[in-house]
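Note sheet for the following structure.
The values are calculated or read from the model by the stated rules, or taken from the named source; none is laboratory data. Since the structure is predicted, the reported quantities are computational estimates derived from the model, not experimental observations. Glycine also receives a Cβ, built like all others from the backbone with ideal geometry; neighbour counts cover every protein chain displayed. The accessibility values were calculated without ligands, DNA or RNA, using every heavy atom of the protein model including side chains. Shrake-Rupley method; radii C 1.70, N 1.55, O 1.52, S 1.80 Å.
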Amino acid sequence: MLSEATLESVVLVKGTVIARPHGQQNPKMATGEIEVQASHSQILNPCKKLPFEIKDVVKKSESLRMQYRYLDLRSSQLQYNLRLRSSMAMRMREYLCNQHGFVDVETPTLFKRTPGGAKEFVVPTQEHGKFYSLPQSPQQFKQLLMVGGLDRYFQIARCYRDEGSRPDRQPEFTQVDIEMSFVDQAGIRSLIEGLLRYSWPKEKGSLPDPFPIMTYAEAMSSYGCDKPDTRFQMKITDVTSVFSAAQLGFVQEILNKPRGCVKAIHIPEGAKYLKRKDLDSMTKIIKDQYKQDVMPLVLKSDGSWRFLQKLISDELKKDLTDAMGAKAEDLILLAAGDHDRVCTALGKLRLDVACRLEECGVSLRSPTDYNFLWVVDFPLFLPKEDNAQELESTHHPFTAPNPEDMDLLYTEPEKVRSQHYDLVLNGCEIGGGSIRIHNADLQRWVLEHVLKEDANVLSHLLEALESGAPPHGGIALGLDRLTAIITGAPSIRDVIAFPKSFRGRDLMSNAPDFVSDEVLQLYHIKVRCPDSGN
């Protein structure tokens, strides 16, 4: 009898489908106008008491949800997320294969270490001392496919990075990987914009045509990061000229340095929502993280500035007010120092302030807004964090330099712009790509003379480039991040069927797990305990 069945049990019901009586229809259900007049019922599999109720309104810890992922998958939100992801992936395949002649090619997941970039997982083999690596992307393979004449390649590829999880990152993730021969940046951008418009869920509205473009220098100067969230204003404003004539010793000392500047962020009516303790907390974090002081200023109704009243002249106060377009109860966040540090610090503070204002009920970033942006003209190389005298690739060592900066590559490589482009959505990088180096001599020079890498590790690629490699370029879209933003999911774990935890673990199966000594012997591995000498 069905009366004995517990919730979530599997039952079989036979009968006749009839219309529901008048007044009992439920327009919120797909089957709300019909019901089954049962003639036979059977419990196929009773359900035991579950660790939580299968209801979206029931709050569950993320660790519990991941431990019982097969139950969490029954929730309506995860069902929606995964079905939308599947629909978008299918539409992307249709667009690329049927409309643009792309070939879907699977590439290996057992490969060798790649110089630079993220940490890679290593896979032991039974050949003594030799290991595979799981590729962080199919980058080399798709370039080799271009050499092989498959001039339009794509793949919904599984990628791996031996790094901890974050809301927008996992040790294993999925990207829509694309490469084309005889293409330029404009061609890649046009293709991707068309791909997104074709696969975009209809209920999410339309997308702009074309997407706006911003240079890396402008992004850093106005937003303090290379993935600007353009859904709200509060841009960074340069007020160096306002302060350049001021007789403020600490400011003049900064401005006398090569990249010294004064910059500010204007927060309309910010003083109504952000109190002194809030500002002290946020500016302390900036001081600790970036070694940058930030001074908060409030314009009072009488035209004077709170916190700065005794430091600067009335004329300078008026010039600052005019430059920022400030009004009573507005808040200004002012910073002086090295250009890059100031911009990065204010960029982080801009996002922190936006979060605080939204917590106070201020509407800044609508969940239904989707602001796409191309960021271009990145530097080809950046100083290493642990050694500023050495350079590393901003993205990866296969990115081609801007033709206009080619001479600088051999004299001042730190000044070379790259042919790289990132696609940003609502302040998140959802895609990145570049025009590649297709000349073997140039690629070898970058590896050996600029990055100080052993080019022999990439001998297979260098030999391929010498075999008549066509000019080529491509891009990869992060399918997990894209789907998370579209569905409003707080983490990419909510758009992946079986994700890893924050520490990169599978809580459902308790992986990774130990293996026996017998298995380790096959791979010539001996595990040493950290607290022992063995």
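Lysines within cross-link reach of Lys112: Cα-Cα under 16 Å, excluding same-chain residues under 8 positions apart?
In chain and number order, the partners are Lys130, Lys142.
Take peptides 11-18, 258-265 and line them up by average Cβ neighbours within 10 Å, highest first, as a rough protection proxy.
Details: 11-18: 10.5, 258-265: 19.0.
Those peptides, ordered most packed to least, come out 258-265, 11-18.
For Leu50, what residues show an amide H to amide H distance below 5 Å, using hydrogens built from the backbone and excluding near sequence neighbours?
none
Past 21 Å, Cα to Cα: identify those pairs from Lys28/Lys48; Lys287/Lys348; Lys227/Lys348, in the order given. Could you put the intermediate results ahead of the total?
Details: Lys28/Lys48 29 Å; Lys287/Lys348 11 Å; Lys227/Lys348 12 Å.
With Cα atoms farther than 21 Å apart: Lys28/Lys48.
Around Leu71, what is the net charge, scoring Lys/Arg as +1 and Asp/Glu as -1 over all other residues with Cβ under 10 Å from its Cβ?
+1
Return the Cα extents of the chain along principal axes one, two and three, sorted largest first, each rounded to a whole Å.
Ordered largest first, the chain gives principal extents of 92, 67, 61 Å.
Say the dipole of region 269-327 comes from +1 at the beta carbon of Lys and Arg and -1 at that of Asp and Glu; which of Ser281, Leu320, Leu297 then lies farthest toward its positive end?
Final value for the positive-end residue is Ser281.
Can you show me the helix-derived [θ] at 222 nm for the chain, built from DSSP H runs with n ≥ 4 at -39,500 (n - 2.57) apiece and divided by the number of residues, rounded to the nearest 500.
On the way: 16 runs with 150 residues, N = 534.
Only helices count here, giving -8000 deg cm²/dmol.
Thr321 accessible area, nearest 10 Å², 1.4 Å probe?
Roughly 30 Å² of Thr321 is accessible to a 1.4 Å probe.
Determine the per residue accessible area of the chain with all protein chains present and a 1.4 angstrom probe, expressed in square angstrom.
It amounts to 54 Å² per residue over the chain.
Suppose a student asked you for the relative contact order of the chain, using Cα pairs under 8 Å spaced at least 6 residues apart; what percent would you report?
Here the relative contact order equals 17 percent.
Residue by residue through region 219-229, what is 3J(HN,Hα) from phi via Karplus (6.51 cos²θ - 1.76 cosθ + 1.60, θ = phi - 60°)? Round to whole Hz and write x for glycine and proline.
My calculation for region 219-229 gives 4, 5, 6, 9, 10, x, 7, 8, 9, x, 8 Hz in order.
Could you compute how much accessible surface Asp441 exposes when probed at 1.4 Å, giving the result in Å² to the nearest 10?
Probe radius 1.4 Å; accessible area of Asp441 about 110 Å².
Only residues of region 384-423 count here: report those whose backbone N is under 14 Å from the spot 7 Å along Cα→Cβ of Lys452, or say none.
Correct set: 384-393.
Restricting to Cα pairs below 8 Å that are 6+ residues apart, what does the relative contact order work out to for region 376-462? Please round to a whole percent.
Working: 130 pairs, mean separation 23.9, N = 87.
Relative contact order for region 376-462 comes out at 28 percent.
About its Cα centre, what dipole magnitude does region 35-150 give when the only charges are +1 on Lys and Arg Cβ and -1 on Asp and Glu Cβ, stated in debye to the nearest 20?
360
Rounded, prolate or oblate: which fits region 250-315 when a ≥ b ≥ c are the square roots of the eigenvalues of the alpha-carbon gyration tensor, with rounded for a/c under 1.5 and prolate only if a/b beats b/c?
Working: a/c = 2.28, a/b = 1.19, b/c = 1.91.
Here region 250-315 falls in the oblate category.
Ignoring ligands, DNA and RNA, please state the percent of accessible area on region 490-534 from carbon and sulfur, probe 1.4 Å.
57
Return the sequence-ordered ³J(HN,Hα) values of region 129-138 in whole Hz as given by the Karplus equation 6.51 cos²θ - 1.76 cosθ + 1.60 applied to θ = phi - 60°, using x for Gly and Pro.
Whole-Hz 3J(HN,Hα) from phi for region 129-138: x, 10, 9, 8, 10, 7, x, 6, 5, x.
Where does the charge balance sit around Pro228 when Lys and Arg score +1, Asp and Glu -1, over other residues with C-beta under 11 Å from its C-beta?
Values: positive: Lys227, Arg231, Lys235, Arg350; negative: Glu218, Asp226, Asp229, Asp422, Glu429.
Residues near Pro228 contribute -1 overall.
Could you run the Karplus curve 6.51 cos²θ - 1.76 cosθ + 1.60 with θ = phi - 60° over region 184-190 and give me ³J(HN,Hα) per residue in whole Hz, x for Gly and Pro?
Using θ = phi - 60°, the values come out as 10, 4, 4, x, 5, 4, 4 Hz.
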